[in-house]
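> Pasting in a structure now, in structure tokens, and then I'll have a few things to ask.
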Amino acid sequence: MNNINIFVHVKKFFLLTLLSLTGMAEAQSLQDKLYDVNEQGKPVVSVTHVFSQNVAFNYPKGFVPAFSNVKDNLYTQEHVLKGQTVETWTQMFSLRGFKDFSKNPNITVNNFGGRFLAMSEQICPKSYFGGKLMDFKVGNYDAALWFFSCGSIKHANGINSESTMMVVLKAENDFYNIQWAERGAPQNSPMEFDKNKWLPRFTAIMPIKIL
């Protein structure tokens with residue numbers, strides 16, 4: 001049951017369970033409750049079983065679940081700001097799992113994260129900016145924080161700028177990837193890391209735990 005997502009309202013131990021968005025009315029009701037709890041400033045922890053372990057983090061304020069899927073060795077979960085969609089969004093928060101990647105000794109946190117930077121640079125070589133911000137630990141597991149951006153990137157619904165803060169985790173068997181992305185007006189120049197915007201977002205989702 002890889003795509004069960006449990007949201008724990010920490011103060012009152014209020015549990016919401018989303019079972020693959022079974023039934024649109026029920027799913028919408030749960031989304032609304034989650035949004036309301038978070039908007040009240042009460043902490044909400046998201047715990048998701050992804051392949052072999054649970055991934056937990058503080059759920060960012062303003063977001064609602066929008067999409068989840070398991071295909072072969074890839075797990076995808078996406079969240080957008082309330083009122084937006086996975087097709088049209090200004091901010092997206094996502095969790096991905098990569099099954100059994102940790103079993104390959106040639107895949108490290110550094111080269112795994114570096115692949116995302118390389119792919120981004122290929123998309124927008126003239127307006128690209130990116131790099132690793134820091135290494136850290138999640139329990140006993142290696143992790144790193146990355147940032148990359150495109151001043152101008154073309155996608156299905158038009159042309160935007162796009163910036164992404166990404167956490168890469170190497171767990172017991174699997175790799176996990178937590179991203180917070182933002183789209184805005186396109187620009188020709190690279191978009192450098194704005195610590196006043198992105199560091200509070202990183203702090204907001206901490207602590208991340210692998211259970």
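Here, each number is a calculation from the coordinates, and none is a lab measurement. Note that the structure is a prediction, hence the values are computed from the model and not measured.
> If the limit is 30 Å between Cα atoms, which of 154/197; 154/209; 61/195; 132/154; 61/99 go over it? Could you put the intermediate results ahead of the total?
Numbers: 154/197 24 Å; 154/209 34 Å; 61/195 19 Å; 132/154 24 Å; 61/99 28 Å.
Correct reply: 154/209.
> Pull out the extension gain between residue 90 and residue 192, defined as 0.36 nm times the separation in residues minus the alpha carbon to alpha carbon distance; nm, one decimal.
Contour length minus Cα-Cα distance gives 34.9 nm.
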